[in-house]
Amino acid sequence: MQSNSDTINTKIDEDYLAEFKKQMQLKWPNNKTMNVVFHGHSVPSGYSTRGIVNTLAAYPHLFLKFLKEQYPTAVVNCITTSIGGEQSEQGAKRFKDDVLCMKPDLLFIDYALNDRGIGLERAEKAWRSMINDALNVNIKLVLLTPTPDIKEDILDDNTTLAGYANMIKKLGEEFDIPVVDVYAQFKKMRQNGEDLTKYMAQNNHPNELGHQVAVQEIIKKLFSEIQ
């Protein structure tokens, strides 16, 4: 028997982006510019190693490529408001000025890696602030659990990052918004015997292969009908 929670989550997965997808299918002169915004730290920014920012191989622009392949008549912007080294408290402080001003049609938040520096309690408060600010102006919002840090044992359920992934998933359930569980996918890959170092540019920055894993999880979660 399906629980109420399962029913809600299924409904989110099937219907959450229905209006977004409808708008993306429109043609000129009936279409409009669609803004997809990625807010977070160095990973969505595209940082790899030694200060190199591989923007076009990072998951935000891989997602833009996917959208344009699926919706060739759409006018769509990929906007990264992410900043390397930033954590969610800093992101929340500039959320209205730097993010909401972009009028996102779809917004992703990815801060968990750097939130280890401020602790779960402070991080959750900052995530809640951003979620409430976005929902108050009817923005379609998606949360991401972190990509790995290979200095942690991803197979250990008690790692610091596992705690942040669980916090993000609980926020998704509470607010009825989708969570793309990137962390769980990397954990599954490791459980299947894969060496995660081949997906990493350095211990906490994915390379292009790692970003491809992240974007595939986004597509699976939000565009299951295309799979």
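Tabulated data for the structure shown
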{"read-out": "The stretch 70-107, residues that are among the polar types (S, T, N, Q), closer than 30 Å to Glu225 by Cα and in a helix (DSSP H, G or I)", "value": "Gln70"}
{"read-out": "Residue tally, condition outside any helix (DSSP H, G or I) and touching a residue at least 24 places away in the same chain (Cβ under 8 Å), over the stretch 146-172", "value": "8"}
{"read-out": "Lone qualifier among Leu67, Leu56 - being part of a helix (DSSP H, G or I) and open to solvent by less than 50 Å² (accessible area, probe 1.4 Å)", "value": "Leu67"}
{"read-out": "Test: Ala18 is open to solvent by 10 Å² or more (accessible area, probe 1.4 Å), more than 30 Å from Gly119 (Cα to Cα) and out of contact with any Cys (no Cβ under 7 Å at 6 or more places or on another chain)", "value": "yes"}
{"read-out": "Subset of the stretch 132-145 [crowded, with 21+ Cβ neighbours inside 10 Å and without any contact (Cβ under 8 Å) to a residue 60 or more places away in the chain]", "value": "Ala134, Leu141, Leu143, Thr145"}
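The values are calculated or read from the model by the stated rules, or taken from the named source; none is laboratory data. Computed from a predicted model, the values in this text were never measured in an experiment. Quick reminder, even Gly has a Cβ in these numbers, built from the backbone with ideal geometry, and neighbours come from all protein chains shown. To get the accessible areas, we keep the full protein, side chains included, count just its heavy atoms, and leave off ligands, DNA and RNA. Shrake-Rupley method; radii C 1.70, N 1.55, O 1.52, S 1.80 Å.
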